[in-house]
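Note sheet for the following structure.
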């Protein structure tokens, strides 16, 4: 188990290196960089620009530049955001936290609703309630998140009562602690529910399928035959076995939420990683792009490894060393 | 896998009512794209700034109690007491509809404009732009999937056939592409495309970006199938006859995977359509005068225009319809082919 995780870590570090080099090369291969716009700015002197270029080794060959970046990253020095004019870590920290709040809320929403719905549908397989739900799930899987976000924002603007985008109300700084939490929660409602809708639909379908598969097993028949009450059969014997395969999904879900959140973040003007990356790419803010891509990759790997560990913890049949 | 089995699968596909409806809807949408020049009343760039966000034009059939050939009224922009923009219908003059004139299905005479589904910010007809946008949005998915399918087939086939270190390296490369969150990779790749590209170049680069992101997952699926297929007796037979490796992969293994990949392919077309729409919506995909369903939505990203002119949400509905149809057809194809893959 431990060895398996170490192996995974080793190969993923190699992958991260490759991905970051790819991004670096792509960013540098394009004509123009952030300093071109700085040079055109009359308020900044030519010497200043050249000093910066020297400081960040932008005149050196590509591989040397990448090497410098890598060494700096390992020293905890993530580079400088030319667009925001602060170290990258300053911007990245708060944005990461915001994305995390959004993803975590929608993950919570998804799982707490999809699992009961999946169980409910499996117990009424092919009755009208189940059919209605599966039709709804199918539609929810196909509706693009960004379009749904726009649509919900439009409806919310007609109905009123919910904040339309952003993360805080104007008077946020003067609020009490609980006021701040409440305000953020209100702002979370639209983006979080939009994000969770499509993943909820797929999770519900998977849970329903798993449950139906388990209910066909012989041990369920045995449990029923020995006269256990139906509740016990479903919630103790069937549910636990139907739940196991879902644990692997949790890791992937975590990762895909991060990527899927980007567009919804942008539409709902939620100040997260996705909208940050968009700004960074547009401004050719190279270190910011590099760091946020790297961070997204790291989070994805962490999610997958966590899923592996969780799976071993819940299912004793799985062992990695043979 | 012989012909009767394939025809059996298609028979079961044809019995899926939902899938057949979706096939018809898709046909309709592609018809919109192919005949855009004929169906739409204006060209996609035909603008009239006086009609910015003009609401849909209603076609009149009655003149008093009498039924007359269809005509429209012109609208004028004025401001009400609250200084809000309102379009007032001018009933003093009727503008009859002309059918099949100048190569277009419906037209009206110059000062009046025909906005079947309203106008956008620059007074361009949304209906025409949706028709022309279908060309880009619906073709980008097909071309992108075709490219990544060829790559996926070759690389997945090679990895599965040779196994060993070739498999190891190829699959690590696949993982690399699957590991980075798709949207982030898309943005990073887009950053590498020069900004002064013309619309054709942008179109090609967007297709290539989407294909580059999408081939990896296809390659993994095909590798898995090849791994099981290469142990079959007929592959051994082909080997003993001295058929080259590439020949075996292309002639004997890949055709077996095609029917199953077809379902996966349909499902990935929808994700390509979504990706293009997302990229164009944030302004990094297809650029403005040329319409795609994605960049038609970019105005709708702010809430104020949507409140003024809710019809600018319509392109989103088209994206939804296309994605849903591809999903339903993909699911139905998989169900239809599934019994064949049991053996």
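The values are calculated or read from the model by the stated rules, or taken from the named source; none is laboratory data. Since we're looking at a predicted model, the values are computed, not measured. So basically every Cβ, Gly included, is an ideal-geometry build from the backbone, and we count neighbours across all protein chains shown.
See the values below:
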{"item": "Number of the exception - residue A:118 against (1) surrounded by fewer than 19 Cβ atoms within 10 Å (Cβ to Cβ); (2) in contact (Cβ under 8 Å) with a residue 24 or more places away in the chain; (3) over 30 Å from residue A:271 (Cβ atoms)", "result": "(1)"}
{"item": "Test: residue B:145 is under 30 Å from residue A:303 (Cβ atoms), in contact with a helix residue (DSSP H, G or I) (Cβ under 8 Å, 6 or more places away or on another chain) and at pLDDT below 85", "result": "no"}
{"item": "Qualifying helices (runs of 4 or more DSSP H) (wholly inside segment B:197-309; at least 3 residues being in contact with a helix residue (DSSP H, G or I) (Cβ under 8 Å, 6 or more places away or on another chain) and within 30 Å of residue B:52 (Cα to Cα))", "result": "B:254-281, B:293-296, B:303-308"}
{"item": "Pairs, first facing chain A (nearest Cβ under 8 Å) in segment B:171-192, second modelled with pLDDT under 70 and part of a helix (DSSP H, G or I), C-beta under 7 Å, six or more apart", "result": "B:181/A:255; B:181/A:258; B:181/A:259; B:182/A:259; B:183/A:259; B:184/A:259; B:192/A:29"}
{"item": "First in segment B:302-323 and within 7 Å of chain A (Cβ to nearest Cβ) and in contact (Cβ under 8 Å) with a residue 60 or more places away in the chain, second anywhere and crowded, with 18+ Cβ neighbours inside 10 Å and in a helix (DSSP H, G or I), Cβ under 9 Å, 6 or more apart", "result": "B:319/A:147; B:319/B:137; B:319/B:273; B:319/B:274; B:319/B:277; B:319/B:293; B:319/B:294"}
{"item": "Residues that are surrounded by fewer than 24 Cβ atoms within 10 Å (Cβ to Cβ) and more than 8 Å from every other protein chain (Cβ to nearest Cβ), drawn from segment A:262-281", "result": "A:269, A:271, A:275, A:279"}
